[in-house]
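These notes are about the structure you will find just below.
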Amino acid sequence: MSRIGVMFDRDQRPEELRDFAREAESLGVDDLWVVEDLAWAGAVSSAALALTATDRLRVGIGIMPAPLRNPALLAMELAALARVFPGRLVAGVGHGVPEWMAQVGAATPTKLALLGETVTAVRTLLRGESAHVDGRAVRIDGVRLVHPPAEPPPVVTGVVRPRSLELSGRCADGTIMAEGQGPDAVRAALIHIAAGRASSSAAPTAHQLIVFTHLCVAEDAPDRIAAATAPVRAEYSDWLGIPPEDVFLASGTPRSAAARVQSLWDAGADTVVLRPVGDDPLEQVRAALAALGR
């Protein structure tokens, strides 16, 4: 069955996370996703707060920048959470925003190698195996976790461009697609991911696709929705290199927003994660879930 999730937005204060997670769980969503953007909150600590506050939610990290994370330490952190909360964690790793990585002295000329080698090393360690990596960007010599999880969490990549999507198919348990991308982008991404999977005999046996999308719903308030989502369209138009009108949103009435979510599932997304825009984020999620029959 297709999954539905909600994002705890980076602008919300960390002390609000536990109550937000409990309310999200009460609404019946499958996932809660936290983020790790430079100068906001740390993702591992945020995930721990959300997991301890809830009973069944799957908590996703979307995403941790590989340039900021030593693979061995990252595996240690993830293993601790996965042991205590088996089956409830998804770990997202990505390239990191180049400007932010440069700002903290973590810029790298080997982005693809660093991400692929990090994901491979972390997955190896989480399986309880010894990691030996002598790569272009990562070096690990015989490290093995003392307390690996009985159920390794999926390690997924948050990527956009074709070469990175192919890399994700080769080495990761799944892919996160960022906000603003609609069904056509989902179908195109799946082609690149499939090409990567086909190119490697070591590709994981399963691959999940997680799509983030902004949510802005209200009954009979198109002007208010247009005003609320205008900054989103401008930001993602610039980042994705597409016209503002092509930036994909789950917006409008609850029924129209639900149809947009369904179109992402129909295109091949396994999980759609809603990122509410504007006031009363969880009330917007509640309205969308009702329209989806959830």
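The values are calculated or read from the model by the stated rules, or taken from the named source; none is laboratory data. All values reported here derive from a predicted model rather than from experimental measurement. Glycine also receives a Cβ, built like all others from the backbone with ideal geometry; neighbour counts cover every protein chain displayed. Just so you know, the surface numbers come from the protein's heavy atoms only, side chains and all, with ligands and any DNA or RNA stripped out. Shrake-Rupley method; radii C 1.70, N 1.55, O 1.52, S 1.80 Å.
Listed conditions (1) in a helix (DSSP H, G or I); (2) open to solvent by less than 50 Å² (accessible area, probe 1.4 Å); (3) of a type in the set (A, V, I, L, M, F, W, C) are all met by residue 63, apart from (1). Of all the listed residues (10, 22), the sole one being among the basic types (Lys, Arg), touching an Asp or Glu at 6+ places or on another chain (Cβ under 6 Å) and either outside any helix (DSSP H, G or I) or within 27 Å of residue 283 (Cα to Cα) (or both) is 10. Taking the listed residues 139, 163, 144, the one that is in contact (Cβ under 8 Å) with a residue 40 or more places away in the chain, open to solvent by 60 Å² or more (accessible area, probe 1.4 Å) and either in contact with a Pro (Cβ under 8 Å, 6 or more places away or on another chain) or among the charged types (D, E, K, R) (or both) is 163, with no other qualifying.
For beta carbons closer than 9 Å, sequence separation of 6+ or different chains, a first residue in the range 49-77 that is under 21 Å from residue 157 (Cβ atoms) and at pLDDT 95 or above and a second that is open to solvent by 60 Å² or more (accessible area, probe 1.4 Å) and in a strand (DSSP E or B), the qualifying pairs are 58/3. Of the strands (runs of 3 or more DSSP E) entirely within the range 198-294, those holding at least 2 residues that are open to solvent by less than 60 Å² (accessible area, probe 1.4 Å) and among the hydrophobic types (A, V, I, L, M, F, W, C) occupy 208-217, 271-276. Of all residues in the range 125-136, those that are closer than 20 Å to residue 109 by Cα and open to solvent by 40 Å² or more (accessible area, probe 1.4 Å) total 2. If I filter the range 87-109 for residues that are assigned to a helix (DSSP H, G or I), in contact (Cβ under 8 Å) with a residue 24 or more places away in the chain and among the basic types (Lys, Arg), do I get at least one hit? Within the range 87-109, not a single residue is assigned to a helix (DSSP H, G or I), in contact (Cβ under 8 Å) with a residue 24 or more places away in the chain and among the basic types (Lys, Arg).
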